[in-house]
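Heads up, the thing below is written out as C-alpha cells.
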Amino acid sequence: MIDLSKYTKELSKLFFSSENILIICHINPDGDSVGAQLALYHYFKANDKNVSLMAPNNIQEFLKWMDGAGQINVFIKDRKKSRTLIDRADLIVMLDFNQANRLGEAEDSVMASKAKKLIIDHHLDPEDFADLIISDPSKCSTSELVHELICEINGAIFMNKPYAEALYVGIITDTGNFEHGSYSSRTFRIVAELLDSGIDKEKIINLIYNNFSSDRLRLQGFALNQRMVVITELKTAYIYLSKDDLKGYNQMKGDTEGFVNMPLSIKGINFSALFIEKDNFIKLSFRSKGQFPSNEFASIYFSGGGHLNASGGEYTDTLDNTIAYFLKVLKENVWRFEDNV
Ligand code: 5GP
Ligand code: MN
C-alpha cells in the first residue's frame with residue numbers, strides 16, 4: 001500500500017489548474033476502467049470542471065446504462081472529434097492501465113499531445129509514459145484508488161449518486177463480486193459508504209450480471225460443453241471460440257466476459273485460458289489460483305500483462321497454432337505450479 005497523501009498537493013494543483021481535462025479508459029474497457037472513468041468525471045462535474053471522456057474502442061453493452069457512459073467518445077468511431085479532444089486537453093488522465101499500447105489506435109495521438117499526463121492504476125510494473133504515475137497494486141480496483149485519491153483532495157468523503165454507482169460497478173467487476181482480487185477490509189468500508197449513499201445495489205447487480213441475451217447463455221453452455229479442454233496433469237483448462245462459433249450465437253461485445261473464470265471452479269485446476277478468434281489475431285485471457293504468475297506468462301509469451309491471477313494478451317496466428325504454442329510454452333512453465341494450491 002502506498003501513502004496517497006503525498007500526492008494530494010500535486011494532484012489538486014493538476015486538477016484545479018487545468019482548463020480542459022480528458023479522461024481515458026483502456027482498450028476493451030472493463031467495468032473498473034469505465035467505473036473509475038465515470039466516477040472521476042462526476043467528481044469533476046461536481047466541481048464545475050470542463051471534462052471530456054474517451055475510450056480507444058467501443059464499451060461493452062452491459063456498461064452502457066451507466067450515468068455518463070453516453071458521453072464517452074469512442075476513438076475508432078469518431079477519430080476527428082477524439083483527436084480534437086486530445087489536442088484541446090491540458091490534462092489527460094489515463095485509468096486502469098500502465099502500458100501505452102492499451103490506448104489502442106489512440107496511442108500516437110495521445111502520446112503526441114502536449115497535455116500533462118496522469119496515470120492512476122493498480123497493475124504491477126507501470127511503463128513510464130506519463131508525467132505522474134500513481135500506481136497501487138494493493139488496491140482491488142482502480143475505482144477504489146480513484147475514490148481514495150479524491151477523498152484526499154476533497155479533505156472529506158466525496159459522494160453523489162452517479163459517482164457512487166460508478167465506483168460500485170468498478171469494485172464489483174474487478175473482484176468478481178468479491179470473489180477474487182486484492183480486496184481488503186478497506187474495500188468493504190468504501191462499499192459501506194457507497195451503500196449508505198443510497199445506491200440500489202440490486203439494480204446494479206442485475207444490470208451487470210443479469211442483463212444478457214439468451215444467446216449469450218447458450219454460448220456459455222456451448223463453450224463449456226464443446227470448447228473446453230481440461231488437462232489435469234498440467235492443472236490447466238482452456239476454452240477456445242472461433243469467429244464462426246461466436247457468429248452462431250450472435251455474439252455481442254462483452255458476451256465472453258467471465259468465461260475464463262469458469263474452468264477454475266474445477267478441482268485441481270490452477271490455470272485457465274480463454275482463446276477468442278478475432279479478425280487478424282487471437283485474444284487471450286488468463287486466470288490463475290495461487291502463485292502462478294499469469295501476468296508474467298502473458299507478458300513473456302503473448303505481448304500482454306495484467307495482475308498475478310488475472311491477465312491477458314494476444315497472438316497473431318491461427319487459432320490452432322496459437323493453442324499449440326500455448327501448450328508448448330505452458331509445458332515449459334509447469335514447474336511454476338509447484339507448491340501451488
Ligand atoms: P481480461 O481477461 O478480463 O480481459 O483482463 C484481465 C486483466 O488482464 C486486466 O487487468 C487487463 O487489464 C489485463 N489485460 C487483458 N488483456 C491485456 C493485454 O492485451 N495487455 C495487457 N497489458 N494487459 C491485458
Ligand atoms: Mn482494474
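The values are calculated or read from the model by the stated rules, or taken from the named source; none is laboratory data. All values reported here derive from a predicted model rather than from experimental measurement. We place every Cβ from the backbone using ideal geometry, glycine too, and count neighbours over all the protein chains shown. Areas reflect the complete protein model, heavy atoms only, side chains present, ligands, DNA and RNA absent. Shrake-Rupley method; radii C 1.70, N 1.55, O 1.52, S 1.80 Å.
Going 7 Å from the Cα of I231 along its beta-carbon direction, which residues of the range 248-286 have the amide nitrogen within less than 19 Å of the resulting point? Inside the label zone: 260-277, 282-286. Taking a 32 Å limit on the Cα-Cα distance, which of the listed pairs K80/K278; K49/K247; K117/K328; K49/K77 fall beyond it? As for pairs spanning more than 32 Å Cα to Cα, those are K49/K247; K117/K328. With 19 Å as the limit on Cα-Cα distance, the pairs of K45/K81; K13/K116; K116/K139; K64/K203; K13/K114 that go past it are K45/K81; K116/K139.
Dipole of the range 4-208 computed with +1 at Lys/Arg Cβ and -1 at Asp/Glu Cβ about the Cα centre; of N177, A156, G70, farthest Cα towards the positive end is G70. Here r is the Cβ-Cβ distance between A156 and N177 and R0 is 25 Å; the resulting FRET efficiency, rounded to 0.05, is 0.30.
Sorting K201, K139, K331 by solvent-accessible area of protein heavy atoms yields K331, K201, K139, largest first, with a 1.4 Å probe.
Could you sort K235, K45 by their accessible area in this structure, using a 1.4 Å probe and putting the largest first?
Details: K235 75, K45 100 Å².
Solvent-accessible surface, decreasing: K45, K235.
Beta-bridge orientation, the chain: approximately 40 percent antiparallel, per DSSP, counting only bridges with both partners inside. The packing ranking, built from the mean of other Cβ atoms within 10 Å per residue, places the peptides 61-68, 293-300 in the order 293-300, 61-68, highest first. Beta-bridge orientation, the range 214-337: approximately 75 percent antiparallel, per DSSP, counting only bridges with both partners inside.
Write down Rg/Rh for the range 214-337, rounded to two decimals, with Rg from the C-alpha atoms and Rh from the Kirkwood relation over Cα pairs.
Values: Rg = 13.5 Å, Rh = 14.4 Å.
Value, to two decimals: 0.94.
Residue separation times 0.36 nm, minus the C-alpha to C-alpha distance between L264 and K278: what's the value?
Numbers: separation 14, 0.36 × 14 = 5.04 nm, distance 2.40 nm.
Gain in length upon complete extension: 2.6 nm.
Rounded to the nearest 20 debye, what is the charge dipole size of the range 4-208 about its Cα centre when +1 sits on each Lys and Arg Cβ and -1 on each Asp and Glu Cβ? Present the calculation step by step, with values, prior to reporting the outcome.
Numbers: 22 positive and 30 negative charges, 126 e Å.
It works out to roughly 600 debye.
Taking only the Cα atoms of the range 1-128, how large is their convex hull per residue, in Å³? Don't jump to the answer; show the numbers that get you there.
Working: hull volume 14.0 nm³, N = 128.
About 109 Å³ per residue, rounded to a whole number.
So if the hydrodynamic radius of the range 119-275 is defined as the Kirkwood radius over C-alpha pairs, what does Stokes-Einstein give as its diffusion coefficient at 4 °C and 1.567 mPa s, in µm² per second?
Values: Rh = 18.0 Å.
Stokes-Einstein gives a translational diffusion coefficient of 72 µm²/s.
With the simple model of a label 7 Å out from the Cα in the direction of the Cβ, N250 to E202 spans 2.9 nm.
Could you list the square roots of 5 times each eigenvalue of the Cα gyration tensor of the chain, that is, the equivalent ellipsoid semi-axes, sorted largest first and rounded to whole Å?
Details: eigenvalues 218, 92, 83 Å².
That gives 33, 21, 20 Å for the three semi-axes.
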